[in-house]
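Starting off with a structure, shown below.
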Amino acid sequence: HFLGVDALRLSFFQHTDAARKYARKYRGLTRAEYEVWARLVHDPHHRWHKQVPCGSYILDFYCHETRTVVEIDGPEHSTKEGLAHDSQRTGFLKHHHRLRVFRYKNDDAYLDGDILAAQIINENRGP
């Protein structure tokens, strides 16, 4: 098993050794990520996974059944460089792996983790 998931289910993810090592080392979540994870783990409809390697990236949260990625972005993602990196990353995930990508700010999680998690769960049930 890999991150609690049968390895075959995630075998379509081609990831680098560096990404895999990073995911193992940084399995801990930021405070904002934890605010969301503590609620997503109880999603009655789908199973979520945290810190999943994909290519050279680490996905904050991933739902295999709906091919959905959720990213919780800190302030470094608001810089010119951060926005460019996120755009490239989102493009890679959408076009190379055909994943749905939802991005949220840390502040959304801090403001009300319950509301944000409910929104994510609701969006994940859609088409």
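Would you list the helices (runs of 4 or more DSSP H) that sit entirely within region 1-97 and hold 2 or more residues that are modelled with pLDDT under 90 and surrounded by fewer than 13 Cβ atoms within 10 Å (Cβ to Cβ)?
It comes to 17-25, 80-91.
Further question: So, of the residues in region 98-127 that are closer than 13 Å to C63 by Cβ and of a type in the set (K, R), which turns out to be modelled with the lowest pLDDT?
Across region 98-127, the extreme among qualifying residues is R125.
Tally up the residues in region 98-127 that are part of a strand (DSSP E or B) and among the aliphatic types (A, V, I, L, M), please.
Within region 98-127, residues that are part of a strand (DSSP E or B) and among the aliphatic types (A, V, I, L, M) number 1.
Is there any pair with a first residue in region 41-69 that is within 14 Å of R98 (Cβ to Cβ) and a second that is hydroxyl-bearing (S, T, Y) whose Cβ atoms are under 6 Å apart and which are 6 or more apart or on different chains, and what are they?
V69/Y62
The values are calculated or read from the model by the stated rules, or taken from the named source; none is laboratory data. Keep in mind the model is a prediction, meaning the values are calculated, not measured. No Cβ is skipped: glycine too gets one built from the backbone with ideal geometry, and neighbour counts run over all protein chains shown.
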